[in-house]
Amino acid sequence: MVSGNQATTLKNIASNGMKSSSLRVLAVSSGKGGVGKTNIVANLAYLISKQNKKVLVVDADLGLNNIDILLGLYPKFHIGDVLSGEKTVQDIIIKGPADISLLPAGGGLQELTQLDDEKKILLMEELDRVSDGYDFLIFDTGAGISTNVTYFCSAAHEILLVATAEPTSLTDVYALIKTLYIKHSQKYFRMIINSVDSEREAQLIFRNLAAVTDRFLPNVSIEYLGYIVSDSSVTKAVRQQKAFSEIYPYAKVTQCVKKLAQKMIAEKRSEVDEEQPSLFWRTAFTAR
Ligand SMILES: Nc1ncnc2c1ncn2[C@@H]1O[C@H](COP(=O)(O)OP(=O)(O)OP(=O)(O)O)[C@@H](O)[C@H]1O
Ligand SMILES: [Mg+2]
């Protein structure tokens, strides 16, 4: 339960959020693990940042550091140090390629995998404090329907879900959509279909998923955001601990993520969430 004091804090955070109207908060999530979320976040952040936008990436797969390793960064501190009160968010932000800012998650810390309400509030307050001046804040969440995942998704303006052609990836993403709708009142989802051979294949996968959600969750709206081809440049870049878009700027996979980045930059926040009741952080707190 949220206490009276906590509720006041939440309201303050929500109203601060309303002021920072240009900031877009995205959560990138999936039902099944290993479908490419962290690679998408790292490269989307890199390519958005190259267009002179300020991006803060939050490794929200807490307790399992991911994105720092993917980018060959070696942070000294992590979100656990903020939650223990030893550091502020500002103290632990590190810089990645193209000057992206990154909040590391901290590896091997089981206590972070299920944050309690107090810790969630503390983290959001801290993020709220540093969010001024950023154009995009991107949460790279874990996979599945754990409370951390649903929490970060509910806290964002936009939920970007990643799926591949694998049947388990599609059934699991449907389960996540259903949980976010039923338990957290989230109705709007944007889909990225990863590791396909062509856009045609991605659209077919999307249409099949949309047919199921239209039938069983008629109040939910899912939108096709884009596709990413399967490309060996991804695994090569992962092995070199670099963003593929940095070292393979002409690879097909980079062109796909570039399209997504351009689309995100071209949109105004009002276009993407004018119908949504979720103002910065608010739904995370009303969804309990
Ligand atoms: N478009 C792609 N083409 C080829 N391989 C890919 C592609 N996208 C992802 N992969 C492969 O999938 C692996 C997992 O990617 P990534 O770590 O980004 O997934 P994730 O969804 O963040 O995983 P987790 O759920 O564990 O956080 C990569 O190391 C890479 O080998
Ligand atoms: Mg990941």
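Read the figures in this text as sums done on the coordinates, not as results from a lab. Predicted model only: the values in this text are computed from it and were never measured. Cβ: placed from backbone, ideal geometry, glycine included. Neighbour counts: every protein chain shown.
Taking a sphere under 12 Å around the Cβ of Thr171 and counting the other residues whose Cβ falls inside, with K and R at +1 and D and E at -1, yields a net charge of 0. Amide H to amide H distances under 5 Å link Phe139 with Leu26, Ala27, Val28, Val58, where only residues 5 or more positions off or on other chains count and H is placed in the peptide plane. Placing dummy labels 7 Å off each Cα toward the beta-carbon, the span from Ile182 to Arg129 is 3.9 nm.
Taking θ as phi - 60° and the Karplus parameters 6.51, -1.76 and 1.60, the scalar couplings of region 237-250 work out to 5, 4, 5, 8, 6, 9, 6, 4, 5, 7, 8, 10, x, 9 Hz in sequence order, x denoting glycine and proline. Label-to-label distance, Leu64 versus Glu267, with points set 7 angstrom from Cα along the beta-carbon direction: 2.6 nm.
In summary, the lysines within cross-link reach of Lys32, defined as a Cα separation below 17 angstrom excluding same-chain residues under 8 places away, comprise Lys178.
You can think of it this way: the chain between Asp197 and Ile247 has 15.8 nm of extra reach, that is 0.36 nm per residue less the Cα-Cα gap.
For Val238 and Gln255, calculate 0.36 nm times their separation in residues minus their Cα-Cα distance, and state this gained length in nm to one decimal. Don't skip to the answer; put the middle values down first.
On the way: separation 17, 0.36 × 17 = 6.12 nm, distance 1.74 nm.
Extra length available between Val238 and Gln255 comes to 4.4 nm.
Take every DSSP beta bridge whose two residues both sit in region 4-286; close to 5 percent of them are antiparallel. Normalised by residue count, region 4-286 yields a Cα convex hull volume of 117 Å³ per residue. Under 11 Å from the 7 Å Cα→Cβ point of Tyr74, by amide nitrogen: which residues of region 215-238? No residue passes the distance filter.
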